[in-house]
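Taken together, the values in this text are just the output of simple stated rules run on the coordinates, not laboratory data. Just so it is clear, the model here is predicted, and its values are computed rather than measured. Note that we place each Cβ from the backbone using ideal geometry, even for glycine, and neighbour counts take in every protein chain shown.
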Ligand SMILES: Cc1cc2nc3c(=O)[nH]c(=O)nc-3n(C[C@H](O)[C@H](O)[C@H](O)COP(=O)(O)OP(=O)(O)OC[C@H]3O[C@@H](n4cnc5c(N)ncnc54)[C@H](O)[C@@H]3O)c2cc1C
Ligand code: SF4
Ligand code: SF4
Ligand code: FES
Ligand code: FES
């Protein structure tokens, strides 16, 4: 079918894919750059980082919670999976944030536009001939976002716990703080912001109700979540950045490139 | 006279009737605004097969532009409100020229019509108890206008549109065809009403805008709901649809119009930039605290409070300002005088050389309310000025001036059934006359659409039932004549350009039959109209019949010219000033003239006007007023023996 | 302040057409629709264009200006430079009738497939009580002026004609959302949204929200919440299991 979409017979034949004169391709290009860089970084850390993810008292987000018995001592608090697990322990948990973000409504927009080019930008014809949306396998799995949201909450809790643990010194004594502590706190905060501004969160808090007036407390919470929800894309990017920063910092410490400046 | 004497056009006769698209219905509603849609819902609910015909797409009629609200005395905000108070307000607003029976029916039935909209799915703004919220508006004693922000008309039309869809879904479940009982013919313009030999309504003739092909609807009952006439004026808040088609069609078919001299000029339209001149600035701006100033910075409205209103309006700026927060103990600011008063005052200021740079006056909220409040209360005005005039109304005043807004006059109808004098013809909404007298109150139009829309649906159903199956038959020759008339602009080359004629007509009406009128100017206007008619007979349009706006305008011009002539002739005759008719040479209101309706007709000799006595008001309704008040309007012998 | 602008206006019909060049006068404060009208009055009296209110209220004058779906009456000339060529075409998702006028009947057909508002049978007119906070969400969607620009820009149908069969487009997804959120409605429209209106086609790429002249947050406030409500019913580990016990498609009373 050579003639579908804007070339369908009967529609106004203009002859070009778009008459937009602005630089509509910049946005998708930037998204491709940003996301690709992050994915590359993530792969490097997950598969080649199994010796540099823990530097007491800090643990990298890619490996937390570390639940395999192969985890380095100090980081293995939650370990319950036996030594039969031969791969990097990151694989046991990294699928959660991965799935959470892959099914996230904002990231869907970002990758559908930038990688799938469907559409590359508004009113710019997409190259593909057929399009079935998110109605079939595998894209129908995007409906699992709710599940990932629940897991995402759990993860945010654990990362908060990690940030709390960062108030120890490398020997495990409480009441200390270093630059890493600050980074982990910031990271945890941004993850909360990202997670709580999630559309599934907005729905569960009260969006699914038809009578706000009968649930004043949930309605109040909904208005707050809605306010944050408007900035969800921003939190999606900021939290991506803080993950990389916090993780890279742990890498630098664990690989001995840097020593943690301690405040007290 | 343009088009009136169109002869059967020999060469096309057979072709036209052969290629003609014909539809048979029980009821044809011409117009898909609030009035037309409500009528169609009623007719269909009475079991009549109904066609709705309109010039633009379904859901786009002029009613979408209404902003303020629907007046209905539900008493949700002030429980003292009831139909009697609403009736009194309406009669006062219309300076007692109203058809009192229509005003009565309207006041009584408007609440039910509004509640009914909720059952169709309308979502009005709410009071804290969850009832429909009501707002203050000029001339209404209590907060009375049901509203949705400043887009009430959109809500009204969308609700009715969706109700029609739901009826179609019902029909689909019953018959397998969505359009078995009610069908919308959009972008289809009617140019003639068709009668049978006895003179009863038999249908309507028109063309599809898309293809230019002709179409005939055969139906014993035709309901006109075509809206107003504003496009005959240069500065207007009205859209291109308002070419007075229904007024002209009714008269061409032997119907009559009344009150055509009464035209409402809304005091606040935009004046700058030129391309948006006339677009409405809603009355809510003043209701919420906006004030009018001249180039000297003076709140000039204090100088223009007429004697009859002296006691109801504030005398000082301090008092006026206190009213917004304490309406019980202070009087209203004179900016909230009835529309005709404010419009005239602005006009005088500009004439006296105290206008704004672009020929208006200043309407200022920026110094009166904090910026956030303005953005919250008047979102679409903020948007409108920002987008179209580069003016930030939170920081600078708006420039405003009068704009042609509404025609009180219209087809003369029976109040209870909306039936016109031609058997089988009905008229409702802005195209009907009588309800609003010489001046319409804000919010009373939308109520009018619903109340009389429903009544016309009932009236038409009843009329058809009484015919008992003996449906009038259209005479084929009339169809041929109508087709020839419509094709006339294609005949010749090198004739007049319809756009040029339209511009000249608008200029004439605006300058000479506008907000302030005098005998000499109107006589001149009539002369110019005569010349325009001659030139209009000689219009040429380019291109073909497919979606050709030049052709459409050429056909609309006939109607605009007829209606403009009615307005000018009636205005020339009425030697007094009242509501939407102000004579420089007769500045007073006259109780004698109040007793007279001017009735407009069209026949072979063109437009003519006749005087017709107004029906005296029923005593029990008269009793609703104080005698003091009646004395201002009625003649000695009309006054009741005793009021209360 | 007046200057001569260069316009390219698409002229033609379903069987073909092309951009035609015009030089036309532009004055201060004008919008694109003014220029189109000037072309009609001075150069091409039969140039077909749809418009009504010229105030952004009726949604008639939808077109594509320099490739972007916009209302002609709300696009100011001052947003372009004097040198810029301005291309105006009809909406490219619907069949063209003539020049700038398109056949939008697709939208009216889809509108007819939306199950109508269904209040409780025993609720009398005048007795409706709804709190402002409960109607506000649906009111946002009722601001829609049916300009169909969101439908025009939606790639699901713009770029894939066959999808028109099974997909209703953003305008009608928010109509479904509006009714589903109505505090007094008694019908569950979630299955209909998926099965009859193709909710799953939307990949939330948000072009509809970008073009909506009424500023309706079509995706964030309409389509995504609707998708989430579907998830509540079909895919949620907690709620959908719970609803197995609260069986039945129709809600007898309005949902809480
Ligand atoms: C800016 C503005 C704001 C307003 N605000 C308010 C307000 O707040 N409150 C209030 O009460 N009133 C208000 N009004 C007045 C009110 O909106 C109108 O008077 C009312 O909507 C008229 O409705 P209608 O049903 O009579 O006609 P319309 O809604 O105008 O519909 C006319 C219909 O007739 C069709 N038609 C016309 N001629 C033909 C033909 N020849 N063939 C076929 N079809 C034809 C048109 O296509 C259209 O569908 C306002 C008016 C304006 C302009
Ligand atoms: S967000 Fe969905 S509905 Fe909106 S334009 Fe994109 S695909 Fe279409
Ligand atoms: S939702 Fe917005 S863009 Fe879509 S039709 Fe309505 S007003 Fe137009
Ligand atoms: S995390 Fe982005 S929408 Fe849920
Ligand atoms: S003409 Fe009504 S929206 Fe542009």
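Rounded to the nearest 0.05, what FRET efficiency is calculated for residue B:23 and residue B:316 with R0 set to 60 Å and r the Cβ-Cβ distance?
Rounded to the nearest 0.05, the efficiency is 0.40.
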field: MRE, 222 nm, helices only [DSSP H, n ≥ 4, -39500 (n - 2.57), over chain B, to nearest 500]
entry: -11500 deg cm²/dmol
query: Mind ordering B:27-38, A:93-104, A:34-45 by average Cβ neighbours within 10 Å, highest first?
result: B:27-38, A:93-104, A:34-45
task: Send over the Kirkwood Rh of the protein assembly as shown, from the inverse of the averaged 1/r over different Cα pairs, rounded to one decimal Å.
output: 32.5 Å
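Counting only other chains, and only Cβ atoms inside 10 Å, what mean value do you get across the residues of C:196-207?
Numbers: counts 0, 0, 3, 3, 9, 5, 3, 14, 9, 13, 7, 7.
Mean shielding by partner chains, rounded to a whole number: 6.
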query: Rg and Dmax of chain C, Cα atoms, in Å?
result: 21.6, 71
message: Averaged across C:91-97, how many Cβ atoms of other chains sit within 10 Å of each residue's Cβ atom?
response: 6
message: Multiplying the sequence separation of residue B:465 and residue B:477 by 0.36 nm and subtracting their Cα-Cα distance, what value in nm do you get?
response: 1.5 nm
- request: In a Gaussian network model over chain C where Cα atoms closer than 10 Å are linked, find which of C:29, C:200, C:12 has the largest mean-square fluctuation.
  value: C:29
- prompt: Can you give the Rg to Rh ratio of chain B, both from alpha-carbon atoms, with Rh computed by the Kirkwood formula?
  reply: 0.96
Over 27 Å [Cα-Cα, segment B:52-183], rounded percent: 30 percent
field: P(r) weight above 16 Å for segment B:451-554, C-alpha pairs, percent
entry: 72 percent
Label-point gap, in nm, between residue C:6 and residue A:16 - each point 7 angstrom along Cα→Cβ: 1.2 nm
query: How would you classify segment C:50-95 from its alpha-carbon gyration tensor, with a ≥ b ≥ c the square roots of the eigenvalues: rounded for a/c under 1.5, else prolate if a/b is greater than b/c, otherwise oblate?
result: oblate
task: Set the Förster radius R0 to 41 Å, insert the Cβ-Cβ distance between residue A:141 and residue C:112 as r into 1/(1 + (r/R0)^6), and round the FRET efficiency to 0.05.
output: 0.80
query: Per the Kirkwood treatment, what hydrodynamic radius in Å, one decimal, follows for segment A:149-255 from the mean inverse distance over all distinct Cα pairs?
result: 15.3 Å
- prompt: Angle between the Cα long axis of helix B:339-351 and the longest principal axis of chain B, 0 to 90 degrees, nearest 10?
  reply: 80 degrees
- prompt: Relative to the first principal axis of the alpha-carbon coordinates of chain A, what is the inclination of helix A:216-229, with its axis defined by its Cα atoms, in degrees from 0 to 90 and to the nearest 10?
  reply: 80 degrees
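Per residue, what volume in Å³ does the convex hull of the Cα atoms of segment A:52-254 enclose?
Dividing the Cα hull volume of segment A:52-254 by its residue count gives 167 Å³.
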- prompt: Over all residues in A:143-155, what is the mean tally of Cβ atoms on other chains that come within 10 Å of each residue's Cβ?
  reply: 3
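Pairwise over distinct Cα atoms, reciprocal of the mean inverse distance: report the Kirkwood radius of segment A:1-159 in Å, one decimal place.
About 18.8 Å, per the Kirkwood formula over Cα pairs.
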field: For segment B:325-376 versus segment A:74-143, the gap between their alpha-carbon centres in whole angstrom
entry: 59 Å
Peptides ranked, highest mean first, by Cβ atoms within 10 Å: ranges B:369-377, A:105-113: A:105-113, B:369-377
query: Where does helix C:170-181 land angle-wise versus the long Cα axis of chain C, in degrees 0 to 90, nearest 10?
result: 30 degrees
- prompt: Given a Förster radius of 25 Å and the C-beta distance between residue B:395 and residue B:295 as r, what FRET efficiency does 1/(1 + (r/R0)^6) yield to the nearest 0.05?
  reply: 0.85
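Where a ≥ b ≥ c are the square roots of the eigenvalues of the C-alpha gyration tensor, would you call segment B:523-644 rounded, which needs a/c under 1.5, or, failing that, prolate if a/b is larger than b/c, or oblate? Show your work: numbers first, answer last.
Details: a/c = 3.39, a/b = 2.62, b/c = 1.30.
Verdict is prolate for segment B:523-644.
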